[in-house]
Amino acid sequence: MPKNFNMDAMTIHEVANPKMHMYRSISVIATFNRKGDMEPVAIRFETENERFDVRIDRVVSSSKEWDTILFQCLVTVGNQQQQIKLAYEISEHIWRLI
């Protein structure tokens, strides 16, 4: 069973061998407005040994490229705010941390 992420101990990109996990699918909680536009609210990223639950502070920008919607987001981990990039692949219904 994965342990919960200790937000004071590390940043979201300090997982063991991060390149191995790039483009791996993650769980995302998202909201939708009346027009059907989505906005990510929180993410869960899991490795074999750890689980990271992080709330998204703000979506800085979003864009659509081919079959993918890209989101630049600000998250706070511990006392440090950092930017992450999420991709939602429309045809596969998959979120990825890139």
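No value in this document is a laboratory result; all are computed from the given coordinates. In this text, all values refer to a predicted model and were calculated from it rather than measured experimentally. Note that we place each Cβ from the backbone using ideal geometry, even for glycine, and neighbour counts take in every protein chain shown.
Sorted from largest down, give the three principal axis spans of the alpha carbons of region 18-83, whole angstrom values.
In descending order, the Cα extents are 39, 28, 17 Å.
Calculate the spin-label point distance for ALA42 paired with GLU92, positioning each point 7 Å from the Cα along the beta-carbon direction, and give it in nanometres.
Going from the GLU92 label point to the ALA42 one covers 2.5 nm.
Can you list residues whose amide H is under 5 Å from VAL41's amide H, if they're 5+ apart or on another chain and H is modeled 1.01 Å from N?
Long-range HN contacts for VAL41: ILE29, ALA30, THR31.
Check ARG24: other-chain or 5+ apart residues with amide H under 5 Å from its amide H, H built from backbone geometry?
LEU97
Across region 85-98, in residue order, what do the Karplus-derived ³J(HN,Hα) couplings come to in whole Hz, using 6.51 cos²θ - 1.76 cosθ + 1.60 with θ = phi - 60° and x for Gly and Pro?
10, 10, 10, 10, 8, 4, 5, 9, 6, 10, 9, 9, 8, 10
Considering the zone a paramagnetic label at SER27 would reach in this model (a point 7 Å from Cα along the Cα-to-Cβ line), which residues of region 58-98 have amide N under 17 Å from it?
Only 94-97 fall inside the zone, counting backbone N under 17 Å.
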